[in-house]
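Since the structure comes first, as structure tokens, the remarks are kept for the end.
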């Protein structure tokens, strides 16, 4: 039986992703991300599932790198899942294969930044439906199409946005353009800045970097 490692940094805003792996007997890492130990764990497992918040250079834990370019040699021969914002850019840059996301809206601030009209209820429904769809189809040979078909049934602006940004990369596949945002527009939008400041107050561990 193939051994699966879950790398999911503790963060209440991504708790909905726990549905993907809870109760399945997978090895889980949520904190204390020592690079040497984590690389050793990756080496010992066949399937690596990386979940949470991130950017085009890798997976983060409150803006601290958890998975970055130094992990690529350990990931290249593994079956991978990467669910974080702009994971596609990381997969493409390093020739990694498996199911992954481009920009993925899971919070109000992200919807505002991407110009997607969505209520809090719609975002929560999207998160829950997506996580359940991934759980049901995790590591299925036709994972991308099965997840997309199930998730697209929700048919809300946020689920439609996210569904169009799900990807699967086979070894040797050519890269495609990544959906990077206009950060200048984001950083000058007072509504988004206010929302992010509120997030920092709600989760005080964020400023202690």
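See the values below:
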| read-out | value |
| --- | --- |
| Elements of type helices (runs of 4 or more DSSP H) contained in the stretch 78-163, each with 3 or more residues being touching a strand residue (DSSP E or B) at 6+ places or on another chain (Cβ under 6 Å) and free of Cβ contacts under 8 Å to residues at least 60 places away in the same chain | 143-152 |
| Sole residue being buried (at least 17 other Cβ atoms within 10 Å of the Cβ), under 23 Å from residue 21 (Cα atoms) and touching a helix residue (DSSP H, G or I) at 6+ places or on another chain (Cβ under 7 Å), chosen from 80, 75 | 75 |
| Residue 171 vs. criteria modelled with pLDDT under 95, closer than 21 Å to residue 99 by Cα and in a loop (DSSP other than H, G, I, E, B) | yes |
| Residue check, residue 59 farther than 26 Å from residue 158 by Cβ and surrounded by 19 or more Cβ atoms within 10 Å (Cβ to Cβ) | no |
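Residues are listed down the side, and each one gets a yes or a no for (1) at pLDDT below 95; (2) over 17 Å from the mean Cα position of the chain (by Cα):
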{"residue": "22", "(1), (2)": "no, no"}
{"residue": "40", "(1), (2)": "no, yes"}
{"residue": "46", "(1), (2)": "no, yes"}
{"residue": "55", "(1), (2)": "yes, no"}
{"residue": "64", "(1), (2)": "yes, no"}
{"residue": "68", "(1), (2)": "no, no"}
{"residue": "83", "(1), (2)": "no, no"}
{"residue": "91", "(1), (2)": "no, no"}
{"residue": "99", "(1), (2)": "no, no"}
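The values are calculated or read from the model by the stated rules, or taken from the named source; none is laboratory data. Everything numeric here is computed off the predicted structure, so don't read it as measured data. For neighbour counting, all protein chains shown are included, and Cβ atoms are generated from backbone atoms with ideal geometry for every residue, glycine included.
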